[in-house]
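Novice: Sharing a structure below in structure tokens format, with a few things to ask.
A short reminder: the numbers here are calculations on the coordinates, not readings from a lab. None of the values given here were measured: they were computed from a predicted structure. Glycine also receives a Cβ, built like all others from the backbone with ideal geometry; neighbour counts cover every protein chain displayed.
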Amino acid sequence: MKNFLSLMSFLFFLIIAFGSLEELESLDDGPKITADTKPNLIVSAKKLYKNYNANEIAADEKYKGKIIEVTGVIRDIGNDIMDNAYVTLVGDQYFGDIQCYFSEKSVVASLSKGKRITIIGNCSGLMMNVHINNCIVK
């Protein structure tokens, strides 16, 4: 039984990982974000996650494909399975976050957990977390 559960957990991880590859490969898609880029929308990380949690379709219509400015507290900092640097901003107290991908690792290396930041990036919708690509720190 223990081996079966381990196998099922591993298969679940593989499905999630390979299902995410298309999303991860397209992190550089979209417009180049610079310090002069004006966001289409300004929202807090908690409100952005709350909107996606309440109605993904409506949230996609409002945010997906748009350049948004998001402010929140950093929960985690790391590299994904494709070695893309990211930070997650607290979206929900326990589960969902805003995952912000950066093309410049040096920017992410200078950040720390618990710090409140504002980022500007291109929202690509919900995939376990809300994903924002091509991020810069404002």
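Residue-wise test of (1) in contact with a Ser or Thr (Cβ under 9 Å, 6 or more places away or on another chain); (2) without any contact (Cβ under 8 Å) to a residue 12 or more places away in the chain; (3) closer than 19 Å to Leu111 by Cβ; (4) of a type in the set (Gly, Ala, Ser).
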{"residue": "Asn53", "(1), (2), (3), (4)": "no, no, no, no"}
{"residue": "Lys62", "(1), (2), (3), (4)": "no, no, no, no"}
{"residue": "Ile67", "(1), (2), (3), (4)": "yes, no, no, no"}
{"residue": "Val70", "(1), (2), (3), (4)": "yes, no, yes, no"}
{"residue": "Arg75", "(1), (2), (3), (4)": "yes, no, yes, no"}
{"residue": "Asp83", "(1), (2), (3), (4)": "no, yes, yes, no"}
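Novice: Just a yes or no: is a residue in segment 29-47 within 11 Å of the chain's Cα centre (by Cα) and under 13 Å from Ile132 (Cβ atoms)?
Specialist: Yes, segment 29-47 contains at least one residue that is within 11 Å of the chain's Cα centre (by Cα) and under 13 Å from Ile132 (Cβ atoms).
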